[in-house]
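None of the figures in this text is laboratory data; all of them are computed from the coordinates on show. Keep in mind that what you see is a predicted model, and the values were worked out from it rather than measured. Note that each Cβ is placed from the backbone with ideal geometry, even for glycine, and that neighbours are counted across all protein chains shown.
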């Protein structure tokens, strides 16, 4: 799991967002050859938090996309709807330890059950500034 973010927050409903991004431009038509963006979200005061990561790259002429979400400190049994830019991409369920995960990947590159489930063919190519929500948490990819 990921390290808990520490942040001074005055109220329980304070939302913190932090992240990092890398966009590598290559020689092809102004499009980035590789994108890596991340959004971190929390309610503050060591409460529920989540991290969403998106990575892509061109491999063998195909765009390989990876999108994953990790959430922790949520109420066990809760369903968390995951949305990207306002469009629902799926739901995850919180286990008995308060943790939930989602892992999506381009179907052509799944060669092991641990690689995740197929990402929708129309899943957008995410860039810095795109948005994500995990249950009640909202974030911006950076």
Kirkwood hydrodynamic radius of segment 17-140, Cα pairs, Å: 15.1
Spin-label pair residue 79/residue 108, simplified geometry with 7 Å Cα→Cβ offset, distance in nm: 3.4
Return a whole-number percent for the relative contact order of segment 17-140, with Cα pairs under 8 Å and 6 or more residues apart as the contact set. 23
